[in-house]
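Inspection log for the structure reproduced underneath, given as structure tokens.
Laboratory data are not the source of any read-out in this text; all were calculated from the coordinates shown. Keep in mind that this is a model prediction, so the values were computed, not measured. As a convention, Cβ positions derive from the backbone with ideal geometry for all residues, glycine included, and neighbour counts pool all protein chains shown.
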Amino acid sequence: MLALRLPPEIEKRLDELARKTGRTKSYYAREAILEHIDDLEDLYLAEQRVKEDGPTIPLEDVVKKYEEIDKDVTGVDDQV
């Protein structure tokens with residue numbers, strides 16, 4: 001069981017959405033949580049790493065790594 005307090009404007013929007021679609025407010029709250037929990041966990045982990053002065057990876061290295069993975073998977077070199 002979960003109880004949420006929402007700002008009045010959001011509560012009004014949620015009420016209206018539920019009324020228009022015939023779904024429950026709980027359905028939409030659940031969908032929103034499922035949609036965003038991974039991002040929230042990643043954000044928390046990143047914030048903890050920064051606070052702990054943990055290991056960091058330069059953005060250029062991350063981009064290079066994922067460009068290589070993309071090229072391996074798709075066979076397309078996106079570099080211009």
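Points to keep in mind about this one:
- A Gaussian network model of the chain, with springs between Cα atoms under 10 Å, assigns the largest mean-square fluctuation among Ile33, Ile69, Ile57 to Ile69.
- Using the Karplus relation 6.51 cos²θ - 1.76 cosθ + 1.60 with θ = phi - 60°, the per-residue 3J(HN,Hα) values for the stretch 27-43 come to 4, 5, 5, 4, 4, 5, 5, 4, 5, 10, 5, 4, 5, 5, 5, 4, 4 Hz, with x marking Gly and Pro.
- About the centre of its Cα atoms, the stretch 8-74 shows a dipole size close to 600 debye [charges on the beta carbon of Lys, Arg (+1) and Asp, Glu (-1) only; nearest 20 debye].
- Computed label-point distance, nm, for sites Glu41 and Glu16 using a 7 Å Cα→Cβ extension: 3.4
- Karplus-based coupling profile of the stretch 57-64, in residue order and whole Hz: 10, x, 3, 4, 5, 5, 4, 4, with θ = phi - 60° in 6.51 cos²θ - 1.76 cosθ + 1.60 and x standing for Gly or Pro.
- Formal net charge of residues neighbouring Leu14 (Cβ-Cβ distance under 14 Å; K, R +1; D, E -1): +3
- Value at 222 nm in deg cm²/dmol, rounded to 500, when DSSP H runs of n ≥ 4 in the chain each add -39,500 (n - 2.57): -24500 deg cm²/dmol
- Dipole of the chain, positive end: most advanced residue of Thr74, Leu59, His36 [Cβ charges, Cα centre]: His36
- Whole-Hz couplings from phi, Karplus 6.51/-1.76/1.60, listed for the stretch 65-71; x for Gly and Pro: 4, 6, 5, 5, 5, 4, 5
- Each listed q (0.12, 0.15, 0.16, 0.26 Å⁻¹) maps to a log10 I(q)/I(0) for the chain, found by the Debye formula over equal Cα scatterers with no solvent: -0.68, -0.79, -0.81, -1.24.
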